[in-house]
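The block underneath contains the structure these notes are about, expressed in structure tokens.
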Amino acid sequence: MRNTLLAFIINAILSLALSLLGYWELLFAPAAILGFLLHLRPRTSLWVTGSSGALGVLISILALPYALQNGEITALIMGLPGGAAAPLLITLLLALLNSGIGGALGAIIARLAAS
Amino acid sequence: MGKSRKSLIIELMVSIIGLVIVLLVMYTPISILAPLGNMLNPGMGIGVWGSAPPPGIGCSNSTVILNSSKAQVIVCITSDGFIRIASNEDWALFYEQGYLTAEYRLAQLMFMRAMAEGNLSSIVGPSMIQSDEFYRTLETTITAQETLNQLNKSSAVYRDLYYYTLGVNSYIKSMPASRVPIVFKVLGYAPTPWSIRDTFAVQQLLTWSLSGTDDPLAFTFALENMPRQAIESLYPAYPPSIQFPIYPRTLNPSIYIGPGNLVNLSLYSMNPLPPGISLPLLNKAIEEAIAFFQGSDPAYSDSIVSKVLQGFNPFSHVVIGLTDAGSNNWVANSTQGGALLANDPHLTTTVPSIWLGFQLVAPGINVVGVDFPGTPGVILGHNPYIAWGATDAEPQVCYFYVEETSPRHPGEYFHNGSWIPFTVIHEVINVKGSGEIRYTVERAANGVVVSNYSNVVIVMDWTGLYPNDEVAAFLGFDTAKNLTEFLSSLSNFAVGIQNFAYADDKGNFGIFAYGLYPVIAMGNPRAVLPGYGNYDWIGFIPRSKQPFVLNPYTGFAASANQVPVSPGYPYYVGWSYESGFRADEINTDLSRFREEGNLSMSSMEAMQLDIHDYSTNIFLPPLLSALIHGNTSPVGREAIKLLSEWNGNFSINSSAATIYYYWLNYYLNDTFLPWLTYYNITPAEGLGQFSFFLGPDSDYHGQLILDLANWTVNYPDSPWFNDPLTGEARNADYVMLLAFNQTMNYLSKLLGPNPSTWMWGRLHKRLLASFFGLSGLSIGPFPSPGDSNTINAAYGLTATLGPSWRLVVDMANPLNAVGVYPGGISEHPLMPLYNDTTAYWLLGKYYTLIPTGLPEAFYYLYIPGVKP
């Protein structure tokens, strides 16, 4: 439980940092390292690093002054319904998958190494 | 344990594959979209989330340093839609204008350039190929380059263009990622540097929208299918109805003296065919040419490009174009003695606007008005000495020819006695997502090829196919101090001939339609001409005979795209103009104000907001007379009551306006559609597309509405009211009643059975359409007064065309000049400056163009001792 919380917090912070710097495609990397080091179960690691990665991305987006208005304009340009919600959901889904799969990968490698 | 390890390995493989898939999804472009990983990147300023608008209203001082030259610059962004720049160096003025244009309108600049140069499909994909092919055929880039090559590199015009371009590129180069327009982030497009040639390419786009036509293609079918008597009755070469020409013989007899080419033309006959060309093949070639124009030409549809993107992507990218529906301007000697000028060009009303307001101040210049992004200076406006405005003169400057070809001379055409190979230009169009496609443009001595059907080749000659520097005209206007300097600058204006209204501080006022008017020696220019040489342009109307009026004894002059000259003008200048109803109303208003001694700024402003449709003066009395004798329902009787009490004003609360609008359209249709059908005019031949074939603008443009006015008033028993399809004998009263009953049926179904609730504003709206065709970014619709025949014009039921700029100035006191355009400075939808002038524009209010409270420099040349 302690490892889970630790993984969540650390991954959220690292994801936030990567997002702010514009390297969100690398979200899987810290998640994989955490999944490897903290010996989480792969499924747990997937959800913990995935959700914390998405949280880090969400915070970085909301830190931008016109983010939601920009999201709404993006949706209008793309013809997506629901205002800023649609691009925001797509962004968070990509972050969740990227980070979560990375976390699961780390955890699986850790188990393989231990076996 | 072994099974568990195997399971882990499988999970590992699945995870790796999953991660690869996620990364592929993030970094693979989907259709024309940028990769999601780039587009949605949450990093500061990188993706869409981090976009930031440019600065809002306020003034700032700065120093501009370029190549060791230094200049002081004051920039004020004001909430009236104007960017104000003052500098102690004129090079810095244009540098700053370019920089700020890019800062507030970069996406518009890039899209206009891409459209003009036939590169839209490189930004928005395959759906724009047809548009790109069209503009490649117009040789926009080639002509722009030729214009640039001919430009004197030591001229002031070149200098202004040079620094404007430097300014645009300085912004592009220094632009932070957060300022990249969101639409570019979505499309994955990186802005590329601007060039002087690009300015001329955009100029070509504008001049085409003002002067391009394919009328002669479709009119050939009228000449072919109809007997001469029908052509003479339906399509007289001079309008039959009440007209106030802009340059009547009475106001300037000098231009009517001497020989011209009109007497040698045959305006009611089919032209001979070149040897070897059969009529069926010619018809197919013309149909193909019409499809080429109508399918990709912005001047003939509501928008320049309006196609839903193909494939997966769910949004339609439309670049709303510059469609010119009409315009008004007039000049008058004010009751107080100064020269008044009013102008409202009716172009597309978009957000961002096609205009951008500027006040430009530097040594020797203080000009205020509106500018097309991409062009240095001010296009329409005033300076301390002169004011100017423009309406489209609509002369015919596009001529069509069918070339003589032969299987024995492949790739050649017969011209002036010899076989000449077509000049072939190989174009490569880069299509996003599809790679390159090759496109061939062919050119003959008398134009570019617009159709080739089984070696029947049709070419178009257009004055815009030759180098022309209209930018120089506007830059000259900006600094002109008197009529001589104005006319000297106007000599640069060649292609998109305008009725340039002029007023100055000496009390002079006039209208000038100078430019290149082609002259042919014989044949019928209203149709496709033989291309073997005898029917080519032999020159242009000499300047001394070109239409103008200066300081007329009437005390005013007006243009609203009506027929320019009186009967008897010796040259052929065209035949398809606006109906003249707006001009009739303007002349009536000006005469009344003159009699009342009320020619003033306020009465000119009231005129610009006039919503009385002059056509009601003509059609309403006979309609009401006919209705007295007709059997009508209770709904009809209520409608008649409304019409009989109506003053002809298209106010939003008027139900009579709604009834009249639909009735007039039915009346027009019921009269002419049977004849067009009878004479086998088909949709492929232009039925419903050209105003003279009942196109969507036929109630305000062209010949048919004027025929109808003439016959209704003067010849109500004309046989042209008969129905040739059924053989039914009819007269005007009969058709008017028929149209009235159709109107009642239609409106009852549409709006319910109570005519008093059929208010015009329920159906008639104004829409500020997104320039980029993104409907979610449009402003409106708003219930709107006016129609296509009112001075305050609003074309169609959802009007995206109208007074795109209103200017009223009394040159006795130019500091009091007023103006307004809809939208605002910025293309960024987040900014208040995207839409902060619309309310004023809708409500008919005006801004003082040089308001009080600005830094002192902006009153330079108005207040003695003030320096820029």
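Descriptive notes on the structure:
- Only residues that are part of a helix (DSSP H, G or I) and acidic (Asp, Glu) were counted across region B:438-483, and they come to 2.
- Extreme residue, nearest to B:PHE400 (Cα to Cα), among residues of region B:544-602 that are among the aliphatic types (A, V, I, L, M) and part of a loop (DSSP other than H, G, I, E, B): B:VAL573
- In region B:162-194, residue nearest to A:ILE73 (Cα to Cα) [restricted to those that are within 12 Å of chain A (Cβ to nearest Cβ) and part of a loop (DSSP other than H, G, I, E, B)]: B:PRO181
- Taken as a whole, the structure places B:MET522 among residues that are surrounded by fewer than 24 Cβ atoms within 10 Å (Cβ to Cβ) and of a type outside the set (Phe, Trp, Tyr).
- Residue within region B:661-679 that is within 22 Å of B:ALA230 (Cβ to Cβ), modelled with pLDDT under 95 and assigned to a loop (DSSP other than H, G, I, E, B) present: no
- Odd one out for A:VAL57 among (1) among the β-branched types (Val, Ile, Thr); (2) crowded, with 24+ Cβ neighbours inside 10 Å; (3) more than 10 Å from every other protein chain (Cβ to nearest Cβ): (3)
- Some residue of region A:98-108 being surrounded by fewer than 24 Cβ atoms within 10 Å (Cβ to Cβ) and in a helix (DSSP H, G or I): no
- Only residues that are in a loop (DSSP other than H, G, I, E, B) and free of Cβ contacts under 8 Å to residues at least 60 places away in the same chain were counted across region B:603-648, and they come to 5.
- Residue among B:LEU273, B:LEU282 that alone is over 30 Å from B:TYR715 (Cα atoms), part of a helix (DSSP H, G or I), of a type in the set (A, V, I, L, M, F, W, C) and in contact with a strand residue (DSSP E or B) (Cβ under 9 Å, 6 or more places away or on another chain): B:LEU282
- Residues in region B:28-44 that are within 7 Å of chain A (Cβ to nearest Cβ) and assigned to a helix (DSSP H, G or I): B:LEU36, B:GLY37.
- Residues (in a helix (DSSP H, G or I) and surrounded by fewer than 17 Cβ atoms within 10 Å (Cβ to Cβ)) located in region B:649-660: none
- Unique residue being outside any loop (DSSP other than H, G, I, E, B), facing chain B (nearest Cβ under 9 Å) and either polar (S, T, N, Q) or surrounded by fewer than 24 Cβ atoms within 10 Å (Cβ to Cβ) (or both) when the list is A:LEU80, A:LEU76, A:LEU64: A:LEU76
- Sole residue being more than 9 Å from chain B (Cβ to nearest Cβ) and within 16 Å of the chain's Cα centre (by Cα), chosen from A:LEU105, A:LEU93, A:LEU88: A:LEU93
- Of the candidates B:ARG159, B:ARG113, the single residue that is among the basic types (Lys, Arg), more than 28 Å from the chain's Cα centre (by Cα) and in a helix (DSSP H, G or I) is B:ARG159.
- Residue under evaluation B:GLY50, criteria (1) surrounded by fewer than 24 Cβ atoms within 10 Å (Cβ to Cβ); (2) of a type outside the set (D, E, K, R); (3) touching a residue at least 40 places away in the same chain (Cβ under 8 Å), criterion not met: (1)
- Annotation note: of B:VAL456, B:VAL528, B:VAL549, B:VAL563, the sole residue that is farther than 30 Å from B:TYR164 by Cβ, crowded, with 21+ Cβ neighbours inside 10 Å and over 27 Å from the mean Cα position of the chain (by Cα) is B:VAL456.
- A:ILE13 being among the β-branched types (Val, Ile, Thr), farther than 30 Å from B:GLU827 by Cα and either more than 8 Å from every other protein chain (Cβ to nearest Cβ) or touching a Gly at 6+ places or on another chain (Cβ under 8 Å) (or both): yes
- Residues that are closer than 30 Å to B:ASN333 by Cα and within 21 Å of the chain's Cα centre (by Cα) number at least 2 in the following strands (runs of 3 or more DSSP E) confined to region B:707-814: B:801-803, B:806-810.
- B:LEU642 being in contact with a Ser or Thr (Cβ under 9 Å, 6 or more places away or on another chain), surrounded by 20 or more Cβ atoms within 10 Å (Cβ to Cβ) and hydrophobic (A, V, I, L, M, F, W, C): no
The values are calculated or read from the model by the stated rules, or taken from the named source; none is laboratory data. This is a predicted model, so every value here is computed, not measured. With ideal geometry, Cβ positions are generated from the backbone for all residues, glycine too; neighbour counts draw on all protein chains shown.
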